[in-house]
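Novice: Have a look at this one before I ask anything.
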Amino acid sequence: MTDSNCVFCKIVAGQIPCYKVYEDHSTVAFLDIAPFEKGHVLVVPKFHAVYFTDLPSAQIPPLGAAVQKVAAMLLARLPCDGFNIVQNNGACATQVVPHVHFHVVPRWNSSGVSWTSLKYDGPEELEEIQRRLIADG
């Protein structure tokens, strides 16, 4: 199921470009353009649901596996020292895009935790991080 007005459904359909770092039959993962840390990835199910509780139960295992793979990619390829996994439901919980998604936010021992959005230096920096994350190996 998709929603023609949903920005994430449009990204999944290839109608809006993204800096994709992972994709499988059920999910797409891409760099957040308003990250809490550089390398912050959104993991999105291809099935449209607003709340996590709206997802069919069959969608949950592949989504969890994709979140785990992305977290492992961040640890190995950025590299980072740790990560946060965040999932918000509803505007009151700071869900900005009404489509289920997980934030996988890289963290480093040398910096504190901030929930303020950063900016990339430009598309070149996004492309460089994307290259590191999707590199074989």
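Novice: Condition check: under 26 Å from A13 (Cβ atoms), at pLDDT 95 or above and acidic (D, E). Does D54 satisfy that?
Specialist: For D54, the condition - under 26 Å from A13 (Cβ atoms), at pLDDT 95 or above and acidic (D, E) - is met.
Novice: Looking at P56 and the list (1) of a type outside the set (A, V, I, L, M, F, W, C); (2) surrounded by 15 or more Cβ atoms within 10 Å (Cβ to Cβ); (3) over 15 Å from the mean Cα position of the chain (by Cα), which single condition is not satisfied?
Specialist: (2)
Novice: Within the range 106-114, is there a residue that is closer than 17 Å to A34 by Cα and not in a loop (DSSP other than H, G, I, E, B)? Break it down into steps so the answer makes sense when it comes.
Specialist: Going residue by residue through the range 106-114, those that are closer than 17 Å to A34 by Cα are 106-107, 113-114.
The next check asks that each one be not in a loop (DSSP other than H, G, I, E, B); those that pass are 106-107.
Scanning the range 106-114, I find at least one residue that is closer than 17 Å to A34 by Cα and not in a loop (DSSP other than H, G, I, E, B), so the answer is yes.
Novice: In addition: Could you please find all residues in the range 16-31 being hydrophobic (A, V, I, L, M, F, W, C) and surrounded by fewer than 20 Cβ atoms within 10 Å (Cβ to Cβ)? Give the derivation first.
Specialist: Residues of the range 16-31 that are hydrophobic (A, V, I, L, M, F, W, C), as a first pass: 16, 18, 21, 28-31.
The answer is I16, and nothing else.
Novice: Mind checking whether some residue in the range 3-11 is modelled with pLDDT under 95, among the polar types (S, T, N, Q) and more than 28 Å from E124 (Cα to Cα)?
Specialist: In the first step, residues of the range 3-11 are kept if they are modelled with pLDDT under 95; the result is 3-5.
So of that shortlist, the ones also among the polar types (S, T, N, Q) come out as 4-5.
Going one step further and asking which of them are more than 28 Å from E124 (Cα to Cα), we end up with 4-5.
Yes: the range 3-11 contains one or more residues that are modelled with pLDDT under 95, among the polar types (S, T, N, Q) and more than 28 Å from E124 (Cα to Cα).
Conditions tested, residue by residue: (1) in a helix (DSSP H, G or I); (2) within 15 Å of M1 (Cα to Cα).
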position	(1), (2)
T53	yes, no
A66	yes, no
K69	yes, no
A76	yes, no
I85	no, no
C92	yes, no
P98	no, yes
V104	no, no
L118	no, no
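Novice: Next question. From A13, A34, which residue is surrounded by fewer than 14 Cβ atoms within 10 Å (Cβ to Cβ), touching a residue at least 60 places away in the same chain (Cβ under 8 Å) and among the aliphatic types (A, V, I, L, M)? First the steps, then the outcome.
Specialist: Numbers: A13 fails: touching a residue at least 60 places away in the same chain (Cβ under 8 Å).
Residue meeting the stated conditions: A34.
Novice: Right, next: Being surrounded by 15 or more Cβ atoms within 10 Å (Cβ to Cβ), touching an Asp or Glu at 6+ places or on another chain (Cβ under 6 Å), under 17 Å from D3 (Cβ atoms) and touching a residue at least 12 places away in the same chain (Cβ under 8 Å) is the requirement here; does L42 meet it? Give the steps one after another, and end with the answer.
Specialist: Numbers: surrounded by 15 or more Cβ atoms within 10 Å (Cβ to Cβ): yes; touching an Asp or Glu at 6+ places or on another chain (Cβ under 6 Å): yes; under 17 Å from D3 (Cβ atoms): yes; touching a residue at least 12 places away in the same chain (Cβ under 8 Å): yes.
Yes, satisfied.
Novice: Still on this structure, I have one more. Taking Y51 and the conditions (1) surrounded by fewer than 20 Cβ atoms within 10 Å (Cβ to Cβ); (2) in contact with a Leu (Cβ under 9 Å, 6 or more places away or on another chain); (3) not aliphatic (A, V, I, L, M), which numbered condition does it fall short on, given that it satisfies the others?
Specialist: Going through the list (1) surrounded by fewer than 20 Cβ atoms within 10 Å (Cβ to Cβ); (2) in contact with a Leu (Cβ under 9 Å, 6 or more places away or on another chain); (3) not aliphatic (A, V, I, L, M), Y51 breaks only (2).
Novice: Tell me which residues, restricted to the range 34-54, are closer than 19 Å to K69 by Cα and charged (D, E, K, R).
Specialist: E37, K38, K46 - these are the residues of the range 34-54 that are closer than 19 Å to K69 by Cα and charged (D, E, K, R).
The values are calculated or read from the model by the stated rules, or taken from the named source; none is laboratory data. Predicted model, so just to flag it, every value in this text is computed and none were measured. Ideal geometry is used to build each Cβ from the backbone, glycine not excepted, and the neighbour counts take in all protein chains shown.
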